[in-house]
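K.L.:
Provided herewith is a single structure, encoded as structure tokens, for subsequent inquiry.
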Number of protein chains: 2
Amino acid sequence: MRTETVTYEADGLHFKSELFVEAGTEPKPGVLVFPEAFGLGDHARHRAEGLAKLGYAALACDIHGNGRLTADLGEALGLLKPLYADTKRMRARGLAALKMLKAREEVLADRTASIGFCFGGTMSLELARSGADLQAVVGFHSGLATTAPKTDAKAHRGRVLVCIGADDPFIAPQERTTFEEEMRGGGVDWQMHLYGGTVHSFTNREADQRKNPAMRYSEAADKESWAAMQELFSAVLFT
Amino acid sequence: MRTETVTYEADGLHFKSELFVEAGTEPKPGVLVFPEAFGLGDHARHRAEGLAKLGYAALACDIHGNGRLTADLGEALGLLKPLYADTKRMRARGLAALKMLKAREEVLADRTASIGFCFGGTMSLELARSGADLQAVVGFHSGLATTAPKTDAKAHRGRVLVCIGADDPFIAPQERTTFEEEMRGGGVDWQMHLYGGTVHSFTNREADQRKNPAMRYSEAADKESWAAMQELFSAVLFT
């Protein structure tokens, strides 16, 4: 496994992301991995490493700039608030990461996807809504709201999979319904996998340490959503 | 591959189902396969054969008695109407099939699941709602309505996965919402996979010949829902 820090500028900030790729000279499909709100830490890094082992070149992405990582949810949400208020800024950060990924010689530029967790899932969806050239986006316990559903949905160019805890208090049933209407209206090729008895952060083993009943790891939902992502990627990235 | 006709009586009728199992002496997890409303034909047979190749003993089940099969949807629904009106009759047919499956020496009696398509999915759900000993049930484009949600949901003993076309005119969004409430109320370990741009009968290649816009094969939804079933089975039937 080869890892490399990849730096770039966007939205007035300096980003430090990390590329994971197995040795070899053949270019591979590329995947962006956006972390939860806290910033780039071990959870997203491990996912990128896992993708690299599956044969992808994976870029685990800095989201706050300067590789900033916080353990405090309030602080993280404070940092993200301006991005939710102005999705152009969120998209600028995502697009810069995608541009770096596509420019790498390890990557097949026309075979890319973006995945993300929590805020990172929203970031991946926003990238797709910007019309970015992505074969697929996958959001795990990702917020589904959009600011311009009617116009954004038509901009999607790839497939969409969102994996959601049915009891996630941050993603209300109404938000799912609105998302479904958005996807249908845009003619998007989308899927939503709902996991019963499952709340937020179900892919993250560290979630249980937060002692917040809204966040809990679920081994089954984690494993099965990851398998669903692989099934989707095998269909669109290795064709 | 070994196949064998398995006969039994239930609900005043004589059933002719078909067991598919690979050669070998080790007992295997068992899976019931209930067909679409038309009755036991090649679609369900091929699925049972596919499960046998994956290492299960699969019983493709007669649903109308005497192996009756019709190409006419109106006739099929006419045959099923009394079963929808009296789910005890539906359950009696399912339970008889399960009893036969569990009694087979090829089958691990404490490792069984039930899958089904359209009406067959409903039949599998009704089996689970009866409190039958099943590790999992999977419904593909299956009706989700129940007659006694509050009591039935509590009877579930295994995991539930339903794979539904988001644009299936036979399974309205309200029916999905009610199902979700049923599952939540019963504390069931459930999942729902929603496929955008997908209607009824998405697993059946023959659906397109019906020239009914409500029924259409989808290669992606077929393949990915089948993979999701395998992922679930690998978690609960091979432990």
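The values are calculated or read from the model by the stated rules, or taken from the named source; none is laboratory data. All values reported here derive from a predicted model rather than from experimental measurement. All Cβ positions, even for glycine, are placed from backbone atoms using ideal geometry, and neighbour counts span all protein chains on display. For the accessible areas, the whole protein counts, side chains as well, though only heavy atoms, and no ligand, DNA or RNA atoms are used. Shrake-Rupley method; radii C 1.70, N 1.55, O 1.52, S 1.80 Å.
K.L.:
Which aspartates and glutamates, on any chain, are close to B:LYS211 with Cα under 16 Å apart, when same-chain ones fewer than 8 places away are left out?
P.N.:
List returned: B:ASP72, B:ASP168.
K.L.:
I'd like to know which of A:GLY143, A:ALA128, A:SER234 lies farthest towards the positive end of the charge dipole of the stretch A:119-239, counting +1 on Cβ of Lys and Arg and -1 on Cβ of Asp and Glu.
P.N.:
So the residue we want is A:ALA128.
K.L.:
Measuring label to label, 7 Å along Cα→Cβ, what does B:GLN209 give against each other copy in nm, shortest first?
P.N.:
Listed shortest first, these distances are 5.9 nm.
K.L.:
Turning to a different aspect of this structure: Suppose every K and R has +1 on its Cβ and every D and E has -1 on its Cβ; what is the size of the dipole of the stretch A:1-110 about the Cα centre, in Debye to the nearest 20?
P.N.:
The calculated dipole for the stretch A:1-110 is roughly 260 debye.
K.L.:
Here's something else I'd like to know. At a 1.4 Å probe radius, carbon and sulfur cover how many percent of the accessible area of the stretch B:69-117?
P.N.:
Accessible surface attributable to carbon and sulfur in the stretch B:69-117 totals 60 percent.
K.L.:
Continuing with the same structure: Contour minus end-to-end for A:ASP208 and A:THR3, with contour as 0.36 nm per residue of separation and end-to-end as the Cα-Cα distance?
P.N.:
70.9 nm
K.L.:
Copy-to-copy spacing for B:GLU9, label 7 Å out on the Cα-to-C-beta vector, in nm, shortest first?
P.N.:
From this label point to the equivalent ones elsewhere in the assembly: 8.6 nm.
K.L.:
Report the A-B buried area as the accessible area lost on both sides summed, probe 1.4 Å, in Å² to the nearest 100.
P.N.:
Roughly 1800 Å².
K.L.:
Shifting gears a bit: Using a Förster distance of 22 Å, how high is the FRET efficiency between A:ALA109 and A:HIS46, based on the Cβ-Cβ distance and rounded to 0.05?
P.N.:
0.30
K.L.:
Okay, moving on. Give, in nm to one decimal, the length gained when the segment between A:ASP133 and A:ALA85 is fully stretched (0.36 nm per residue of separation minus the Cα-Cα distance).
P.N.:
Stretched out fully, the A:ASP133 to A:ALA85 stretch lengthens by 14.9 nm.
K.L.:
Provide the per residue accessible area, probe 1.4 Å, for the stretch B:106-239, rounded to a whole number of square angstrom.
P.N.:
Here the residues of the stretch B:106-239 average 35 Å² of exposed surface.
K.L.:
Calculate how many DSSP beta bridges within the stretch B:1-87 are antiparallel, expressed in % of all such bridges and rounded to the nearest 5.
P.N.:
Antiparallel bridges make up about 75 percent of those DSSP assigns within the stretch B:1-87.
K.L.:
Still on this structure: Shape verdict for chain A, please, from the Cα gyration tensor: rounded (a/c under 1.5), prolate (a/b greater than b/c) or oblate.
P.N.:
Judged from the Cα gyration tensor, chain A comes out rounded (a/c under 1.5).
K.L.:
Let me ask something else. Using the structure shown, list the pairs from A:LYS28/B:LYS53; A:LYS16/A:LYS53; A:LYS88/B:LYS223 with a Cα-Cα distance above 26 Å, or answer none.
P.N.:
Numbers: A:LYS28/B:LYS53 32 Å; A:LYS16/A:LYS53 22 Å; A:LYS88/B:LYS223 36 Å.
From A:LYS28/B:LYS53; A:LYS16/A:LYS53; A:LYS88/B:LYS223, over 26 Å: A:LYS28/B:LYS53; A:LYS88/B:LYS223.
K.L.:
With charges set only on the Cβ (+1 for Lys and Arg, -1 for Asp and Glu), what does the dipole of the protein assembly as shown come to about its Cα centre, in debye to the nearest 20?
P.N.:
Value, rounded to 20: 280 debye.
K.L.:
Name the residues of the stretch B:208-239 whose accessible area, probed at 1.4 Å, falls by at least 20 Å² once all protein chains are in place instead of their chain on its own?
P.N.:
For the stretch B:208-239, once contacts with the other chains are taken into account, B:LYS223, B:GLU224, B:ALA227, B:GLU231 lose 20 Å² or more.
K.L.:
Additional query: Give, rounded to the nearest 20 debye, the magnitude of the charge dipole that the stretch A:59-174 has about its Cα centre when Lys and Arg contribute +1 at Cβ and Asp and Glu contribute -1 at Cβ.
P.N.:
On the way: 15 positive and 12 negative charges, 102 e Å.
In debye, rounded to 20, the stretch A:59-174 gives about 500.
K.L.:
Please report the antiparallel percentage of DSSP beta bridges with both residues in chain A, rounded to the nearest 5. Spell out each step's value before the answer.
P.N.:
Details: 12 of 40 bridges.
Around 30 percent of the beta bridges assigned by DSSP in chain A are antiparallel ones.
K.L.:
Give the aspartates and glutamates whose C-alpha is closer than 20 Å to that of B:LYS102, dropping any in the same chain fewer than 8 places away, or say none.
P.N.:
Here the aspartates and glutamates satisfying the reach criterion relative to B:LYS102 are B:GLU4, B:GLU9, B:ASP11, B:GLU18, B:GLU22, B:GLU26, B:GLU49, B:ASP62, B:ASP110, B:GLU126, B:ASP133.
K.L.:
Which percent, to the nearest 5, of DSSP beta bridges fully inside the protein assembly as shown are antiparallel?
P.N.:
35
K.L.:
Right, next: Anything losing 30 Å² or more of accessible area from the isolated chain to the full protein assembly: pick those residues out of the stretch A:177-206, probe 1.4 Å, ligands and DNA/RNA ignored.
P.N.:
Residues of the stretch A:177-206 that lose at least 30 Å² of accessible area once the other chains are added: A:GLU180, A:ARG184, A:TRP190, A:GLN191, A:MET192, A:HIS193, A:LEU194, A:GLY196.
K.L.:
Would you work out what percent of the accessible area of the stretch A:179-239, with all protein chains in place, is carbon or sulfur (probe 1.4 Å)? Walk me through the numbers on the way to the answer.
P.N.:
Numbers: 1210 of 2560 Å².
Summing carbon and sulfur atoms, their accessible area is 47 percent of the total for the stretch A:179-239.
K.L.:
From the square roots a ≥ b ≥ c of the eigenvalues of the alpha-carbon gyration tensor of the stretch B:67-155, which class results: rounded (a/c under 1.5), prolate (a/b over b/c), or oblate?
P.N.:
In terms of gyration-tensor shape, oblate.
K.L.:
With a ≥ b ≥ c taken as the square roots of the eigenvalues of the C-alpha gyration tensor of the stretch B:123-239, please select rounded if a/c is under 1.5 and otherwise prolate if a/b is larger than b/c or oblate if it is not?
P.N.:
oblate
K.L.:
By how many nm would the segment from B:LYS154 to B:LEU77 lengthen if fully extended, with 0.36 nm per residue of separation less the alpha-carbon distance? Before the final figure, lay out each step's value.
P.N.:
Working: separation 77, 0.36 × 77 = 27.72 nm, distance 2.87 nm.
Here the answer is 24.9 nm.
K.L.:
What does the charge count near B:LEU59 come to, summing +1 for each Lys or Arg and -1 for each Asp or Glu among other residues with Cβ under 13 Å from its Cβ?
P.N.:
+4
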